[in-house]
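J.: One structure, pasted below without further comment.
The values are calculated or read from the model by the stated rules, or taken from the named source; none is laboratory data. Keep in mind the model is a prediction, meaning the values are calculated, not measured. With ideal geometry, Cβ positions are generated from the backbone for all residues, glycine too; neighbour counts draw on all protein chains shown.
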Amino acid sequence: MCEHHAMRPESADGDAVLGQLPQGALVNIDKLDRRALIRALATGSLVVLASSCATNPETGRSQFTGLASEQMMAAMALQSWEELRQTTPAWRNPRAQARLANVGQQIALAANRPADPWEFVVFDSDELNAFVLPGGKVGFYRGLMEIAERDDHIATVVGHEVGHVTGRHAAERFSQAMAAQGLMIGAQLGSRDMDPQTRSIALGALGLGATVGLLLPFSRLQEAEADRLGVDYMYRAGYDVRETISFWRRMNELNDGPRPPSLLSTHPDPSQRVQDLRNYINTRGYALV
Ligand SMILES: [Zn+2]
C-alpha cells in the first residue's frame, strides 16, 4: 500500500462509497485485502483507492496508479500525438531528425524498452522545450536541438523524458487527480466516449492540459526520479553523464537571458537539480563531477 495517497474522505460512509462504484471500477480487485476492506468499512476510509497501488519494478517505488493503466494512458496519448502531428509541422532537417532518433533508440534500449512504439520527432519551433507522452512519443523543439552541441546533451533530455515513461508518471498523475476529485471511472476508461471531466483530467495528466485549461505539472518527486533514471540510461548507453551537468548549467544561464527555456518553467529549481544530479552521479560512481 502506498501510504502517501491512501484516502480518507471527511464524511465518507464506507458502505455508501463502495455502493456507488460503477461496474468495473474496482481496479485490482484481486489484490484487495479483505481484512483491510472490513477495517476500512468500519472506519469509513476508502480502501478501494488505497489498495490499487503497484510497485514499479523500474524504480522500486510503490505508486498509486490504479485508476489508469499504462495501456489506457498510451491509447489517450496516441490520439493526442496524432492530432499534434497534424497541427504542428516537423522540422525539415533530416540530419537533426536522424540524430534525435538515433539517441532515442540508444536510450530506449538502455531502458530495456526497445520494443515500445517509440517515436522521436523534432518540431519546427523556436522553443527551448521537449515533452513526452506515455507509450513513448517524444517531442523535441528545434530551439532545443539547436543548442544541444553534443549527443550527450540530447541524451540528457531524452533520458529524462524516457524516465517519465518508465516511471509511469502520467498514470500516477492521472490517478491522483481523479482521486482528488473524488471521481471513479468504470468501463468507459480509455474509450472515445469518456466523459468530458475524465477526459480533461487525462489530457492534463498527459501534459496537454493547456488545450482544456487544466495543466498538471509533474511533481518534484517525479522530476527528480526522471532525472535519476535518465542518468542511469545515459550511462548504460555509453553517453558522457558529466555532460548532463554542463547541459543544465547552460540552460540555467539561458534562463536569465531574453529567451528563457520553457523547459525550465515546467522543471523548477534548476540549481537544486544540478546539485542533486551531481550527488547522484558521484554516489553511483558513474563519474566524478
Ligand atoms: Zn520532467
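J.: Restricted to region 248-275, and to residues that are within 20 Å of His164 (Cα to Cα) and charged (D, E, K, R), which residue is surrounded by the most Cβ atoms within 10 Å (Cβ to Cβ)?
T.: This residue is Arg273.
J.: Could you say whether any residue in region 142-159 is of a type in the set (Gly, Ala, Ser), within 16 Å of the ligand (Cβ to nearest atom) and in contact (Cβ under 8 Å) with a residue 60 or more places away in the chain? Let's see the steps before the verdict.
T.: Within region 142-159, the first condition is being of a type in the set (Gly, Ala, Ser), and the residues that meet it are 143, 148, 155, 159.
From what's left, within 16 Å of the ligand (Cβ to nearest atom): 155, 159.
Those left that are additionally in contact (Cβ under 8 Å) with a residue 60 or more places away in the chain: 155, 159.
Looking for residues that are of a type in the set (Gly, Ala, Ser), within 16 Å of the ligand (Cβ to nearest atom) and in contact (Cβ under 8 Å) with a residue 60 or more places away in the chain, one finds at least one in region 142-159, hence yes.
J.: If I filter region 87-146 down to residues being in a helix (DSSP H, G or I) and of a type in the set (D, E, K, R), which single residue comes out as farthest from the chain's Cα centre (by Cα)?
T.: Step one: filter region 87-146 for residues in a helix (DSSP H, G or I), giving 87, 94-110, 142-146.
Next cut, of a type in the set (D, E, K, R) only: 95, 99, 142, 146.
Values: Arg95: 28, Arg99: 23, Arg142: 22, Glu146: 25 Å.
Once the filter is applied, the top-ranked residue is Arg95.
Results for (1) more than 15 Å from the ligand (Cβ to nearest atom); (2) under 22 Å from the mean Cα position of the chain (by Cα); (3) in a helix (DSSP H, G or I), shown as yes or no for each residue.
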| residue | (1), (2), (3) |
| --- | --- |
| Tyr235 | yes, yes, yes |
| Ile245 | yes, yes, yes |
| Arg249 | yes, no, yes |
| Arg259 | yes, no, no |
| Leu263 | no, yes, yes |
| Ser271 | yes, yes, yes |
| Asn282 | yes, no, yes |
| Leu288 | yes, no, no |
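J.: Still on this structure, I have one more. Cβ-Cβ below 7 Å, separation at least six or inter-chain, first residue in region 201-225 and outside the structural domain of Ala111 (by TED's automatic domain parsing) and farther than 27 Å from Gln272 by Cβ, second modelled with pLDDT under 75 and within 16 Å of the ligand (Cβ to nearest atom): which pairs?
T.: Partner pairs satisfying both residue conditions: Leu203/Gly209.
J.: Scan region 73-129 residue by residue and report those that are among the aromatic types (Phe, Trp, Tyr) and within 21 Å of Ala205 (Cα to Cα).
T.: From region 73-129, those among the aromatic types (Phe, Trp, Tyr) are 81, 91, 118, 120, 123; that's our starting set.
Selection gives Trp81, Trp118, Phe120.
J.: All but one of (1) at pLDDT 95 or above; (2) away from the ligand (no atom under 13 Å from the Cβ); (3) closer than 17 Å to Val132 by Cβ hold for Phe174; which doesn't?
T.: The single condition Phe174 does not satisfy is (1).
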